[in-house]
Amino acid sequence: IRPGVSGMGFTGAFPSKNGDIGGFTSLDLSLSVGSYMIANAGLSVFQKLAIKSLPLPNFLVAVQVSITLLLLLPFWSTIKLGPREDAAKFFPLSVAFFAMLTGSMIAYQFCSLGTIVVLGSVSPLLTLAAEVMFFKRHKFRYSIHTFGSLAITVVGVVLYALFQYQIEAQFVGIIALVSKIVVAIYYQTRQRYLMVEDPIDINDGGMMVYNNAVTLVGSIVVMMIFNEPHKMTMISVDTYGFIYIAASCLFCAFIGYTSFRAQRRVSATSFLIVTTVCKVAVVLFGSLALDEQYSPFSAVGCGMVLSGAAWYGWDRSNVQQSNSAEDLFPKKSTRKDDIEDFNLLEEEELRRERVNGRSVGNIERDF
């Protein structure tokens, strides 16, 4: 458990005499958090600008995942793709990843940035239901703050939907965005299930390769179905358009690294504050630079959604700290708990035996 110290909202370890915080210098901390904020807000902004310059969502997705795959090549030796059985388990997730990126790009094409931020904040409500129903070993922990934050978020979404100007014109984008959110919930819960309930032998780099490779193939197929190559010849993209497209590709690759780097240097609460500020910045950019209009009630609804999302993240951070404390000071077990723990140990041992047997089979096949 790290001792906390507040300095401009960033909670970390106590600073040393030379100005280091948790082993990181103040400059390193500022650059890491600043680069994440730029990447987080810049991704939404340049995705929107790119699709406005070149309204071909599948082509843009294909270009972005191609760039990501090229950037992974120098790290190929560290990528673990795993055995065929695990690849088969992960394949539906890669298809879901393709659907998520495509739905997201269509949403950027037809929806305002405010609508994307507001509706995207509803996903924790559905994720909560999925984790409660399907996770056995890692139960979802909730508190009164969990339900309070989600209630504020839902009310905010309803206000935004009822009073936002020209919400009907965004219908196609809203359908795509809601579909993307539903698929993303499946993706997140299933991926977590394969990490903690039924682990697979694929590392993060391997998952990125599978996701982007499947998305590239899927995007090319859909691009041909909708005749996007022919439409491309009828669209004129100016210099700024090419800059926006290149920047969207850059930020797609940049966001993962900056997120990981920032989370290593600040507490979960501080990271949440930074993410919320980025969402506010995206909404303000849409209003000021893209002339997106909000009625007074829809603006209040948007504020409630952002507040509810921040409150929910704070609650998740507290629950996680509570779980860590229980791991350090476990409560006295009952006979029922002992039986359940024994059954889980048996299941884990059987899983390890299957993994060991699979590993031996892989060695024999390779030999």
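Answer with yes or no whether Ser287 is assigned to a helix (DSSP H, G or I), touching a residue at least 12 places away in the same chain (Cβ under 8 Å) and buried (at least 20 other Cβ atoms within 10 Å of the Cβ). Talk me through it step by step, then tell me what you get.
Working: assigned to a helix (DSSP H, G or I): yes; touching a residue at least 12 places away in the same chain (Cβ under 8 Å): yes; buried (at least 20 other Cβ atoms within 10 Å of the Cβ): no.
Here the answer is no, as Ser287 does not meet what is asked.
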The residue from Val155, Val172 that alone is closer than 26 Å to Pro57 by Cα and in contact (Cβ under 8 Å) with a residue 24 or more places away in the chain is Val172
Selection from the range 290-302 of residues loosely packed, with under 14 Cβ neighbours inside 10 Å and in a helix (DSSP H, G or I) yields Pro296, Phe297
Ala253: passes all of (1) more than 15 Å from the chain's Cα centre (by Cα); (2) touching a residue at least 60 places away in the same chain (Cβ under 8 Å); (3) surrounded by 13 or more Cβ atoms within 10 Å (Cβ to Cβ); (4) closer than 26 Å to Lys52 by Cα but (1)
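With the requirement that a residue be surrounded by 18 or more Cβ atoms within 10 Å (Cβ to Cβ) and more than 30 Å from Pro83 (Cβ to Cβ), what does the range 216-233 give you? Working first, answer last.
Step one: list which residues in the range 216-233 are surrounded by 18 or more Cβ atoms within 10 Å (Cβ to Cβ), which gives 216, 218-219, 223, 228.
Those that are surrounded by 18 or more Cβ atoms within 10 Å (Cβ to Cβ) and more than 30 Å from Pro83 (Cβ to Cβ): Met223, Glu228.
Yes or no: Ala213 under 19 Å from Met105 (Cβ atoms) and open to solvent by 20 Å² or more (accessible area, probe 1.4 Å)?
yes
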Quick check on the range 13-25. Is at least one of its residues at pLDDT below 90, closer than 30 Å to Ile200 by Cβ and outside any strand (DSSP E or B)?
no
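From the list Lys89, Lys80, which residue is surrounded by fewer than 20 Cβ atoms within 10 Å (Cβ to Cβ) and assigned to a loop (DSSP other than H, G, I, E, B)? Even if it seems obvious, please write down each step before you answer.
Values: Lys89 fails: assigned to a loop (DSSP other than H, G, I, E, B).
Within the list Lys89, Lys80, the selection yields Lys80.
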Given (1) within 27 Å of Phe24 (Cα to Cα); (2) open to solvent by 30 Å² or more (accessible area, probe 1.4 Å); (3) small (Gly, Ala, Ser), Ser236 misses just (1)
Picking from Tyr193, Tyr210, the residue that is in a helix (DSSP H, G or I), at pLDDT below 90 and of a type in the set (Phe, Trp, Tyr) would be Tyr193
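Residue by residue through the range 219-250, note down the ones that are under 14 Å from Leu49 (Cα atoms) and among the polar types (S, T, N, Q).
Applying the first criterion (under 14 Å from Leu49 (Cα atoms)) to the range 219-250 yields 237-250.
If the condition is that a residue be under 14 Å from Leu49 (Cα atoms) and among the polar types (S, T, N, Q), then Thr239, Ser248 are the ones that fit.
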Scanning the range 142-166 for residues that are in a helix (DSSP H, G or I), open to solvent by 90 Å² or more (accessible area, probe 1.4 Å) and farther than 19 Å from Ala299 by Cβ gives Ile144, Phe147
Subset of the range 167-210, residues open to solvent by 30 Å² or more (accessible area, probe 1.4 Å) and among the small types (Gly, Ala, Ser), comes to Ala169, Ser179
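The values are calculated or read from the model by the stated rules, or taken from the named source; none is laboratory data. All figures in this text were calculated on a predicted structure; none of them were measured in a lab. When we count neighbours, we look across all protein chains shown, and the Cβ atoms used for this are built from the backbone with ideal geometry, even at glycine. To get the accessible areas, we keep the full protein, side chains included, count just its heavy atoms, and leave off ligands, DNA and RNA. Shrake-Rupley method; radii C 1.70, N 1.55, O 1.52, S 1.80 Å.
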